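Here's the structure, in structure tokens; my notes come after.
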Amino acid sequence: MAGRRPRVGVLALQGDVREHVRVLSELGADVELIRRPAELAAVEGLVIPGGESSVIDKLSRAFGMQQPLRDAIAAGMPVYGTCAGLILLADRIADGIRDQQTFGGLDVLVRRNAFGSQLDSFETDLDVPVLGEPPVHAVFIRAPLVQEVGEGVEPLARLADGRVVAVRREQLLGTSFHPEVTGEHRFHSLFLDTVRAA
Ligand code: GLN
């Protein structure tokens, strides 16, 4: 249906939830905060925010959300993860805390805090061919890196040295950085296109 408002959620266990709600609302989506399985069942797509992936992991288990999230991803729900959200979408992680788990879905290996303590946070402009011009001004905050990309996973953006910082596979999208804090709306638009098409 052309013009219909997609009904999407932002996983609201921890992290920069409000920034995503603002961007998605500005793009014309109906946005719900998601903390419970019934709330997840009522949306057509989900954003997993940045924050601390180990905390979001623990809270999702405490709230009975891990399995519903895994089921929703397996059933084809469009999901966009930024930073910690990308870590939670990865099938495999490096440098997680003890017993850190993910929801998975993306056949990638993601390394947490990949830039170390010397380079905690930085900003750079990224070419993202799928988004066209202008380049994306990307903010990295204790960011992860995609170290291995499985078959069928499309790298969408790389740092100047070739390291992968954005990926997509079918209805799943992940970025190491935070478009929601810089007024960059195109990744969220791409996510909403996937929701409308699903
Ligand atoms: N370092 C955080 C983690 O491991 C991610 C940081 C972020 O989301 N900005 O989850």
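For the range 55-71, state whether one or more residues are among the aliphatic types (A, V, I, L, M) and in contact (Cβ under 8 Å) with a residue 60 or more places away in the chain.
No: the range 55-71 contains no residue that is among the aliphatic types (A, V, I, L, M) and in contact (Cβ under 8 Å) with a residue 60 or more places away in the chain.
Is it true that some residue in the range 147-158 is more than 26 Å from residue 193 (Cβ to Cβ) and open to solvent by 30 Å² or more (accessible area, probe 1.4 Å)?
The answer is yes; a qualifying residue exists.
Being touching a residue at least 12 places away in the same chain (Cβ under 8 Å), in a loop (DSSP other than H, G, I, E, B) and either under 25 Å from residue 189 (Cα atoms) or not hydroxyl-bearing (Ser, Thr, Tyr) (or both) is the requirement here; does residue 87 meet it?
Here the answer is no, as residue 87 does not meet what is asked.
Tally time: how many residues in the range 21-40 are farther than 24 Å from residue 190 by Cβ and in contact (Cβ under 8 Å) with a residue 24 or more places away in the chain?
Counting residues in the range 21-40 that are farther than 24 Å from residue 190 by Cβ and in contact (Cβ under 8 Å) with a residue 24 or more places away in the chain gives 3.
Quick one: would you say residue 182 is in contact with a Cys (Cβ under 9 Å, 6 or more places away or on another chain) and within 16 Å of residue 82 (Cβ to Cβ)?
Criteria not met by residue 182.
A quick yes/no check of all residues on (1) farther than 19 Å from residue 177 by Cα; (2) within 13 Å of the ligand (Cβ to nearest atom):
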residue: 41; (1), (2): yes, no
residue: 46; (1), (2): no, no
residue: 64; (1), (2): yes, no
residue: 67; (1), (2): yes, no
residue: 87; (1), (2): no, yes
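Out of curiosity, is residue 130 over 14 Å from the mean Cα position of the chain (by Cα), within 28 Å of residue 97 (Cα to Cα) and touching a residue at least 12 places away in the same chain (Cβ under 8 Å)?
Spelling it out, it is not the case that residue 130 is over 14 Å from the mean Cα position of the chain (by Cα), within 28 Å of residue 97 (Cα to Cα) and touching a residue at least 12 places away in the same chain (Cβ under 8 Å).
Which residue, of 140, 115, 122, is open to solvent by less than 70 Å² (accessible area, probe 1.4 Å) and more than 11 Å from the ligand (Cβ to nearest atom)?
Among 140, 115, 122, only 122 is open to solvent by less than 70 Å² (accessible area, probe 1.4 Å) and more than 11 Å from the ligand (Cβ to nearest atom).
Return yes or no: is residue 198 in contact (Cβ under 8 Å) with a residue 24 or more places away in the chain and buried (at least 23 other Cβ atoms within 10 Å of the Cβ)?
Answer is no for this residue.
Determine which member of the set 70, 36 is more than 13 Å from the chain's Cα centre (by Cα) and closer than 25 Å to residue 143 by Cβ.
70
How many residues, within the range 91-112, are within 14 Å of the ligand (Cβ to nearest atom) and not in a strand (DSSP E or B)?
9
The values are calculated or read from the model by the stated rules, or taken from the named source; none is laboratory data. These numbers come from a predicted model, not from an experiment. When we count neighbours, we look across all protein chains shown, and the Cβ atoms used for this are built from the backbone with ideal geometry, even at glycine. Only protein heavy atoms, including side chains, enter the accessible area calculation; ligands, DNA and RNA are left aside. Shrake-Rupley method; radii C 1.70, N 1.55, O 1.52, S 1.80 Å.
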